[in-house]
Amino acid sequence: MQLKKLNRTKIIATVLAMIFLFVGGVFAFNQHVSHVLNQKDIVKIKTNNESTVLFYRDDCGSCRSIFYYTVMKRDLLRKNIQLVNTNQPKNRHYISEYKLTKVPTFIHLKYGKIAERYSGTNIEKIDQVIKGD
């Protein structure tokens, strides 16, 4: 009887620890995404390989709605995604260079050439652009 109670206590402690770690991980990832979203770094788009570029604005609701997904793809699944905040004045030349009319816009580049592009928040279409099919 005492052994069952001890095992039950260990199981409960283990489950609570797992929940705590999960919640802590979600909180940390949320903080990371918020930090990345609000960065206004000057970006030099790399064109020497195959990659996807996300053009976004940190004050855009649609951009925010897909940003967590995009950062997850980039950081956790190791997809080659470059993030360009067009609210940074020195990144605005990309608007005319890539003929951007709205954000968020995903452009898949193959060695500097546009292979595919999509403007919007449809996750399936975003995945298609990231794959570069």
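The values are calculated or read from the model by the stated rules, or taken from the named source; none is laboratory data. The shown structure was predicted, so the numbers you read here are calculated from the model rather than taken from an experiment. Backbone-built Cβ (ideal geometry, glycine too); neighbour counts: all protein chains shown. Only protein heavy atoms, including side chains, enter the accessible area calculation; ligands, DNA and RNA are left aside. Shrake-Rupley method; radii C 1.70, N 1.55, O 1.52, S 1.80 Å.
For first residues located in region 11-34 and in contact (Cβ under 8 Å) with a residue 12 or more places away in the chain, partners that are open to solvent by less than 60 Å² (accessible area, probe 1.4 Å) and of a type outside the set (G, A, S) and lie 6+ apart or on another chain with Cβ distances below 8 Å form the pairs H32/V71; H32/D75; V33/F67; V33/V71. Any idea which residue in region 1-20 is farthest from the chain's Cα centre (by Cα), counting only those that are in a helix (DSSP H, G or I) and modelled with pLDDT under 80? Checking each candidate, the answer is Q2. Only one of the numbered conditions (1) farther than 24 Å from A115 by Cα; (2) at pLDDT 85 or above; (3) outside any helix (DSSP H, G or I) is not met by V23, and that is (3). Within region 49-76, restricting attention to residues that are surrounded by fewer than 20 Cβ atoms within 10 Å (Cβ to Cβ) and of a type in the set (F, W, Y), the residue that is farthest from I114 (Cα to Cα) is Y68.
Of all the residues in region 36-46, those that are at pLDDT 80 or above and open to solvent by 60 Å² or more (accessible area, probe 1.4 Å) number 3. Scanning region 80-133 for residues being among the small types (G, A, S) and over 23 Å from V36 (Cα atoms) gives a total of 4.
Cβ-Cβ distance below 8 Å, separation of 6 or more or different chains: which pairs start in region 45-56 with a residue that is in contact (Cβ under 8 Å) with a residue 12 or more places away in the chain and among the polar types (S, T, N, Q) and end on one that is open to solvent by 50 Å² or more (accessible area, probe 1.4 Å) and not in a strand (DSSP E or B)? Matching pairs, first to second residue: T47/Y111; N48/Y111; N49/N80; N49/Y111; S51/N80; T52/K79; T52/N80. The residue pairs whose first member lies in region 61-76 and is in contact (Cβ under 8 Å) with a residue 60 or more places away in the chain, whose second member is open to solvent by 10 Å² or more (accessible area, probe 1.4 Å), and whose beta carbons are closer than 6 Å, counting only pairs six or more residues apart or on different chains, are I66/T121. From the list K79, K110, K102, the lone residue that is more than 15 Å from F29 (Cα to Cα), surrounded by 15 or more Cβ atoms within 10 Å (Cβ to Cβ) and among the basic types (K, R) is K79.
Of the residues making up region 113-130, not one is surrounded by fewer than 12 Cβ atoms within 10 Å (Cβ to Cβ) and touching a Lys or Arg at 6+ places or on another chain (Cβ under 9 Å).
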